[in-house]
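Engineer: Here it is: the structure, laid out below.
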Amino acid sequence: MSDAGSGRPLRRGWTTGACATAAARAAFEALTTGAPPPDPVEIALPSGRRVAFALATFERGEDFARAGVVKDAGDDPDVTHGALICARVARGAPGAGVRFFAGAGVGAVTRPGLPLPVGEPAINPVPRRTMTETIIEASAKLGVPGDADIEISIPGGEELAKHTLNGRLGIVGGLSILGTTGIVTPFSCAAWIDSIHRGVDVARASGLTHIAGTTGSTSEAAVKQLYDLPETALIEMGDFVGGLLKYLHKHPIARVTIGGGFAKLTKLAQGRLDLHSGRSSVDLAHLAQTAREVGAGQEIAALIANANSALEALQIAQGAGIDLAAPIAHAAWRTAARALDTAESELEIIIFDREGVPLARAPSKKAIGGHN
């Protein structure tokens with residue numbers, strides 16, 4: 001992937017899990033040897049690739065050592081880019097192995113459905129495994145037991161977490177330590193899609209039978225008011241309707257509502273499962289053809305085909321008394337049903353205007369193969 005403006009390749013970065021692992025290794029080695037920590041410190045990523053991290057901070061106490069690494073997310077617009085990821089390592093009880101604790105700025109799990117038990121620090125399984133393997137490797141090198149208590153902290157993490165989906169997932173008090181590969185791929189949006197999946201897991205674990213995936217805050221507020229849904233039933237899918245529906249295919253919930261504005265759901269109606277403006281666009285010629293099919297004359301259809309935006313096309317249709325939202329809702333239902341494709345779920349599409357008023361709804365029915 002390259003930067004469209006400069007043509008240069010986009011720079012990859014490191015996950016919070018990789019940074020925490022590097023900090024933990026440096027602190028463990030310094031605690032064990034009494035010498036300065038290795039800097040840079042080398043670790044193995046889950047793939048086996050070895051990479052080195054420079055230390056930003058180091059502190060030694062009577063019975064602990066603490067090291068910090070500044071996260072570099074590359075060219076990805078990651079909320080944790082530039083954050084200091086710290087690991088405080090103390091000697092663990094003999095035979096206890098590696099244990100994990102949440103320091104300031106790292107959240108704790110408060111709801112079931114996540115890959116960690118309630119009450120555990122929000123340090124995901126892969127970073128835990130990577131840190132454990134790193135401590136075992138370092139302990140073998142140094143000839144000491146691999147028993148260590150690791151406390152991960154992120155100064156300012158509680159404030160940064162307000163810009164993530166953690167609160168909705170039941171992770172309180174700070175950020176999560178994430179990463180399955182150790183590498184951040186720019187604009188992959190893997191963290192957002194993972195949050196969508198975890199939101200479904202939490203909803204299922206809570207016994208919910210109705211969830212809503214919405215494209216933005218207006219549609220979310222409208223659906224919440226319409227059905228009086230709890231917060232755990234609201235999945236902020238943004239542009240990633242495909243990420244939500246494909247996960248629900250394998251992890252079904254009885255009733256699924258997809259809500260959004262006219263432009264986003266027109267893209268869905270036209271077969272797009274990624275609704276981002278940079279990766280899909282509204283086909284105005286197709287929109288004009290849809291308008292003709294529901295009664296628009298050639299003049300109105302031509303105006304729609306030459307509109308500057310989907311919103312302008314909708315306004316032209318409304319001014320002519322043409323209900324363009326209804327066929328778009330039903331076409332969006334068919335696209336979504338093909339992705340969801342399960343008899344275990346009823347699917348509904350709602351198109352809202354900018355004030356959150358419903359413009360059109362495709363009735364809730366079983367989502368099998370996209371037949372309506």
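Engineer: To the nearest 10 square angstrom, how much accessible area does Leu84 have with a 1.4 angstrom probe?
Structural biologist: About 40 Å², rounded to the nearest 10.
Engineer: Continuing with the same structure: Summarise the accessible area of the chain (1.4 Å probe, protein heavy atoms) by the percent that is carbon and sulfur.
Structural biologist: 52 percent
Engineer: Amide H of Ile183: which non-local residues (sequence gap of 5 or more, or other chain) have their own amide H closer than 5 Å, using H built in the peptide plane?
Structural biologist: Under 5 Å from the amide H of Ile183 lie the amide H atoms of Thr15, each far enough along the sequence or on another chain.
Engineer: Rank these by accessible area, largest first, 1.4 Å probe: Trp14, Trp192, Trp333.
Structural biologist: Descending order: Trp192, Trp14, Trp333.
Engineer: Sorted by accessible area with a 1.4 angstrom probe, largest first, how do Lys250, Lys224 fall?
Structural biologist: Lys250, Lys224
Engineer: Also, I was wondering about something else. Mind listing the phi-derived Karplus ³J(HN,Hα) values for the stretch 65-81, rounded to whole Hz, using 6.51, -1.76 and 1.60 with θ = phi - 60°, and x for any glycine or proline?
Structural biologist: Ordered by residue, 3J(HN,Hα) equals 9, 10, 10, x, 10, 7, 6, 10, 8, x, 9, 7, x, 8, 4, 8, 4 Hz.
Engineer: Could you give each residue of the stretch 86-97 its phi-based ³J(HN,Hα) in whole Hz, using Karplus coefficients 6.51, -1.76, 1.60 with θ = phi - 60°, and x for Gly or Pro?
Structural biologist: Couplings: 10, 10, 9, 10, 10, 5, x, 5, x, x, 7, x Hz.
Engineer: Please report the accessible area of Phe101 (heavy atoms, 1.4 Å probe, ligands and nucleic acids excluded) in Å², nearest 10.
Structural biologist: 90 Å²
Engineer: Could you work out the pair-distance distribution P(r) of the stretch 92-205 from its alpha-carbon pairs, with 10 angstrom bin width and percents rounded to whole numbers?
Structural biologist: 14, 40, 32, 12, 1
Engineer: Let me ask something additional. Could you state the accessible area per residue of the stretch 243-367 in Å², with a 1.4 Å probe and every protein chain left in place?
Structural biologist: 44 Å²
Engineer: Counting only residues 5 or more places away or on other chains, whose amide H sits under 5 Å from the amide H of Ile85 once H atoms are built in the peptide plane?
Structural biologist: Distant-sequence amide H within range of Ile85: Val69, Val70, Lys71.
Engineer: Can you compute the modelled spin-label distance between Glu344 and Ala302, with each label point 7 Å from Cα toward Cβ, in nm?
Structural biologist: Calculated label separation equals 5.3 nm.
Engineer: What's the Cα-based Rg to Rh of the stretch 243-372, Rh via Kirkwood?
Structural biologist: The Rg/Rh ratio comes out at 0.99.
Engineer: Can you find, among Ile258, Asn308, Thr218, the residue sitting farthest towards the positive end of the charge dipole of the stretch 205-309, where Lys and Arg contribute +1 and Asp and Glu -1 at Cβ?
Structural biologist: Ile258
Engineer: Can you work out ³J(HN,Hα) from phi for every residue in the stretch 230-240, in order, using Karplus 6.51 cos²θ - 1.76 cosθ + 1.60 and θ = phi - 60°, giving whole Hz and x for Gly and Pro?
Structural biologist: The phi angles translate into x, 4, 5, 8, 9, 9, 7, 7, x, 8, 9 Hz.
Engineer: Could you give the nm distance between label points at Glu159 and Ile136, where each point is 7 Å from its Cα heading toward the beta carbon?
Structural biologist: In this crude label model, Glu159 to Ile136 measures out at 4.0 nm.
Engineer: Starting from the Cα gyration tensor of the stretch 39-121, multiply each eigenvalue by 5, take the square root, and state the resulting semi-axes largest first in whole Å.
Structural biologist: Values for the stretch 39-121, descending: 23, 21, 15 Å.
Engineer: Regarding the chain, what is the average projected area of its C-alpha convex hull, in nm²?
Structural biologist: Computing the convex hull of the Cα atoms and averaging its projections yields 20.6 nm².
Engineer: Run the helix sum for the chain: -39,500 (n - 2.57) per DSSP H stretch of 4+ residues, divided by residue count, reported at 222 nm to the nearest 500 deg cm²/dmol.
Structural biologist: It comes out at -11000 deg cm²/dmol, rounded to the nearest 500.
Engineer: So with the 1.4 Å probe, I'd like the accessible area per residue for the stretch 91-204, rounded to whole Å².
Structural biologist: Accessible surface, normalised per residue, equals 44 Å².
The values are calculated or read from the model by the stated rules, or taken from the named source; none is laboratory data. Predicted model, so just to flag it, every value in this text is computed and none were measured. In this analysis, Cβ positions are derived from the backbone assuming ideal geometry, glycine residues included, and neighbour counts consider all displayed protein chains. The protein model used for the area step is the full one, side chains on, heavy atoms only, and it has no ligands, DNA or RNA in it. Shrake-Rupley method; radii C 1.70, N 1.55, O 1.52, S 1.80 Å.
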